[in-house]
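Only one structure is covered here, and it is reproduced in the block below.
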Amino acid sequence: FHPNGESIALASFDKTVRLWDLKEKKALWSFTGHSDFVHAVTFSPKGDLVATASKDRSSRILDAKDGKPK
């Protein structure tokens, strides 16, 4: 969950990470840069970054506003 509680980042077996708006019940963005399933995702303490970890043995740091890699 985002530190403000308004959104959630979800890791998926379909190799994506999605940020969902909990009030609007819709995806805000989707990241597709992993080549295997994503097994972990977390927000930075400030909520401005999202860190991911994948079975492809890679991790990514994404901008929480748009899902673009940092």
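The values are calculated or read from the model by the stated rules, or taken from the named source; none is laboratory data. Every value quoted in this text rests on a predicted model; they were computed, and no experiment measured them. Cβ placement follows ideal geometry from the backbone for every residue including glycine, while neighbour counts extend to all protein chains displayed. Side chains included, ligands, DNA and RNA excluded: accessible areas come from the protein's heavy atoms. Shrake-Rupley method; radii C 1.70, N 1.55, O 1.52, S 1.80 Å.
Just a few scattered comments:
- Between Leu19, Leu49, Leu28, the GNM of the chain built on Cα springs shorter than 10 angstrom shows Leu28 fluctuating the most.
- Per residue value of the accessible surface for the chain (all protein chains in place, 1.4 Å probe), Å²: 66
- Of the solvent-accessible surface of the chain, computed with a 1.4 Å probe over protein heavy atoms with every protein chain present, carbon and sulfur atoms account for 53 percent.
- Per-residue ³J(HN,Hα) for region 26-32, Karplus 6.51 cos²θ - 1.76 cosθ + 1.60, θ = phi - 60°, Hz, x for Gly and Pro: 8, 6, 8, 7, 9, 10, 10
- The phi torsions of region 65-70, fed into the Karplus equation with coefficients 6.51, -1.76 and 1.60 and a -60° offset, translate into couplings of 6, 9, x, 7, x, 9 Hz, rounded to whole numbers, with Gly and Pro shown as x.
- Sequence-distant residues sharing a close amide H with Thr16 (under 5 Å, placed H): Val38
- Global dimensions of the chain from alpha-carbon coordinates: Rg and Dmax equal 11.0, 33 Å.
- Neighbour-limited loop hits for chymotrypsin sites (Phe, Trp or Tyr not before Pro), region 4-70 (at most 14 other Cβ within 10 Å; DSSP other than H, G, I, E, B): Phe13, Phe37
- Antiparallel content of DSSP bridges confined to the chain, in %, to 5: 100
- For region 45-57, putting each phi into the Karplus relation 6.51 cos²θ - 1.76 cosθ + 1.60 with θ = phi - 60° gives couplings of x, 7, x, 8, 10, 10, 9, 10, 9, 10, 5, 6, 6 Hz, in residue order, rounded to whole numbers and with x for Gly and Pro.
- Taking every C-alpha pair closer than 8 Å and separated by at least 6 residues, the mean separation divided by the residue count of the chain gives a relative contact order of 25 percent.
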